[in-house]
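Read the structure below first, then the notes.
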Amino acid sequence: MLGQRSFVRVGVDSALHHLRGLTFDSAVFEDVHCQWSPGGGCVYPQDLLSRGDGSRPDVQVRSTDSLRQSQCRRLRGYQRAAIEQFLSEAVTSPWEVVRCLVPDEQGLIEASLEELVDSEGCSVVVTTGGTGPAPRDVTPEATEAVCERMLPGFGEQMRAISLRHVSTAVLSRQVAGIRGSCLILNLPGSPRSIREILDEVFAAVPYCVDLIGGPYITTDPSVVDAFRPPHARRE
Amino acid sequence: MLGQRSFVRVGVDSALHHLRGLTFDSAVFEDVHCQWSPGGGCVYPQDLLSRGDGSRPDVQVRSTDSLRQSQCRRLRGYQRAAIEQFLSEAVTSPWEVVRCLVPDEQGLIEASLEELVDSEGCSVVVTTGGTGPAPRDVTPEATEAVCERMLPGFGEQMRAISLRHVSTAVLSRQVAGIRGSCLILNLPGSPRSIREILDEVFAAVPYCVDLIGGPYITTDPSVVDAFRPPHARRE
Amino acid sequence: MLGQRSFVRVGVDSALHHLRGLTFDSAVFEDVHCQWSPGGGCVYPQDLLSRGDGSRPDVQVRSTDSLRQSQCRRLRGYQRAAIEQFLSEAVTSPWEVVRCLVPDEQGLIEASLEELVDSEGCSVVVTTGGTGPAPRDVTPEATEAVCERMLPGFGEQMRAISLRHVSTAVLSRQVAGIRGSCLILNLPGSPRSIREILDEVFAAVPYCVDLIGGPYITTDPSVVDAFRPPHARRE
């Protein structure tokens, strides 16, 4: 466990198949040479990011669903872009992002969450996708496995927010929990839903991170009106 | 496990005691000869249905509460009628109903849920009643025991819907979960509450059944505006 | 287990550290001689109450957070006052309160809940505080450990009520459950939040207590419009 930091590191852990789903909807793909190991090994974020163009978050994915089997694609990371855009608008205290992209296997997701919290020292980790009812959706299971305690209010609130926009939000199994001094939050796979949710739930994140021993996070009240009780404020 | 069907079978599993509660409120009873085995054996649906008049869903129940102990009554199945009325208005793809009536014993409810999913090939199973705080209410426990994963959003949404009408909806422990390619959903015992809930939550059922490998369900958008993301539509 | 009572006993179990938090906000403290055992032993309610002035619910607490370490203070029990004020306005059938104050240790909270239910014969027990994400918050864990079944709707509704007022309500892990013929309900630590929640959720408490075999509770409909289905009314 790292010592207390004066800035917050935000880990972003994206499950592959939800990026995949975006090919049909809103993501931009380009054919690229396949970088995926034939044995199905984990795509580590450093590998991915070293191939980005520096100016925008690009990732390598190999789609495996029936329509695009054995093709390799480049997905512009709209999910991560939505998260990082939000952070740049909302968080006024120092922050940096650690990115991670893992296949939809519970063990690999657990390992990447543990690394983001224990080795990378993240105080907030958000995952994207992998929370639906399909058999391949295992992100909530992985999150629960690495957390010491769960915060059921986040799942309830995130579903209630998304239900205002789409009736199938009820199918989401999103959870949130605490590992050490880190809050782990499952977000949906759609960039628009990610933003709708962060706009509301992030108001409780700074005080939550206070209570579990993380850094003091401040926000721009015109974007997110984060609440702290008077005795917890440092101004 | 059966192969994929082109039509959806909807299993209806009703716990006895909630039919019982209806005697005071809204159900119509007639004295009939007692068909219940003295040892308290399970009333199997084939036994019940073979004694129905064919034109409406009638079931045999023996009430066991203090006011009507050791009497046998015929209950017109208002709960099942509410469900089947809804299905006939809402579902435009082929469907059929498999009915089941079991006493409030967790083992018997589990067995009937397993039969509806594994042997009868139902893609959707709805239960009625047995979700309250009383000791005899064991339907959520039975549902959880036979499901491979739970969908907490349904319980939250169903309680929120009923809370608009009655404050005691908070007492309901309704759950929903997945067994194989089947969605199992606990409904309350009151026919009016059943309809209020189905009118809203059914919008997410067709896409849920898609995602878990069941048949493609279509609905009448004037009754239920079922949502699927664009890439999941077959039109 | 005691026999059925004609009046309801309401147990109030307050975790210490949330009383502590109030020092900064809304509670009134006075320096008093330290009554706490140096070994950090449990403060039993009989000890506390024997030192009260009789006219108002006073308790002895020793604050242990960084700002007031090793000081002893007298806290006017605003949390209990909020609960007892509510009961005196809302409940028209006979009732009495059993008070308990325990440190934030799961084993001690469990023991006090068991005592309030099994020995004191309470039909309703409310706890205050100890439901947040901080490591010292263990009231939900203690509640779940002593309950035979949980009622998830209460946690959902209590968070939804508090979310109307403060965004950090999402952090609450409040639960409710049943032990024997008693409903145990976790309330937050803030007296204002306690009242906001009781004003709404208490409407379901009398029928819940009916269903689990407790006494028949009646309320003043101008304060709380408690609902019972027609067949459960005794008028």
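For the reader, a short list of remarks on this structure follows.
- Chains B and A together, accessible area buried on both sides, 1.4 angstrom probe, square angstrom: 1500
- For the range B:103-164, the orientation-averaged shadow of the C-alpha convex hull comes to 4.7 nm² (one quarter of the hull surface).
- Between the range A:194-235 and the range C:110-179, the Cα center-to-center distance that results, in Å: 24
- Residue-count net charge about residue A:165 - beta-carbon cut-off 14 Å; Lys, Arg +1, Asp, Glu -1: 0
- Farthest toward the positive end of the dipole of the range B:82-155, out of B:109, B:94, B:154, is the Cα of B:154, where the dipole comes from beta carbon charges about the Cα centre.
- Across every direction, the projection of the convex hull enclosing the Cα atoms of the range A:148-199 has a mean area of 3.6 nm².
- Placing a label point 7 Å from the Cα of residue C:106 along the Cα-to-Cβ direction, the distances to the matching points in the other copies come to 2.2, 2.2 nm, shortest first.
- Projected over every direction and averaged, the convex hull enclosing the alpha-carbon atoms of the range C:100-209 yields 6.3 nm².
- Relative to the current alpha-carbon distance between residue B:81 and residue B:199, full extension at 0.36 nm per residue lengthens the span by 41.0 nm.
- Summing +1 for each Lys or Arg and -1 for each Asp or Glu among the other residues whose beta-carbon sits under 9 angstrom from that of residue C:223 gives -4.
- Phi angles of the range B:223-231 translate, via the Karplus equation with coefficients 6.51, -1.76, 1.60 and θ = phi - 60°, into HN-Hα couplings of 9, 9, 8, 5, 9, 9, x, x, 5 Hz per residue; Gly and Pro are given as x.
- Take every Cα pair under 8 Å whose residues are at least 6 apart in sequence, average their separation, divide by the length of the range A:148-235, and the relative contact order is 23 percent.
- Rough spin-label spacing in nm, given labels placed 7 Å along Cα→Cβ, for residue A:118 and residue C:7: 5.6
- From phi via Karplus (6.51, -1.76, 1.60), per-residue ³J(HN,Hα) for the range C:130-147 in Hz, x at Gly/Pro: x, 10, x, x, 5, x, 6, 7, 10, 5, x, 4, 5, 4, 4, 5, 9, 8
- FRET efficiency for residue B:106 and residue C:145, using Cβ-Cβ distance with R0 set to 22 Å, rounded to 0.05: 0.50
- For the range C:105-235, a simple Cβ point-charge model (Lys and Arg +1, Asp and Glu -1, everything else neutral) yields a dipole of about 420 debye relative to the Cα centre.
- Rounded to 5, percent antiparallel among DSSP beta bridges of the range C:110-225: 55
- Among the protein heavy atoms of the range A:109-235, carbon and sulfur supply 49% of the accessible surface, probe 1.4 Å, non-protein parts ignored.
- Calculated label separations, residue B:118, copies of the chain, 7 Å along the beta-carbon direction, nm: 3.8, 3.8
- Summarising the rotation from chain C to chain B, the nearest chain C beta-carbon to the axis and its distance in Å are given as C:156, 3.
The values are calculated or read from the model by the stated rules, or taken from the named source; none is laboratory data. Owing to the predicted nature of the structure, the values given are computational and were not obtained by experimental measurement. Using ideal geometry, Cβ is built from the backbone for each residue, glycine included, and neighbour counts are taken over all protein chains shown. Keep in mind that these areas ignore ligands, DNA and RNA; they rest on the heavy atoms of the full protein, side chains included. Shrake-Rupley method; radii C 1.70, N 1.55, O 1.52, S 1.80 Å.
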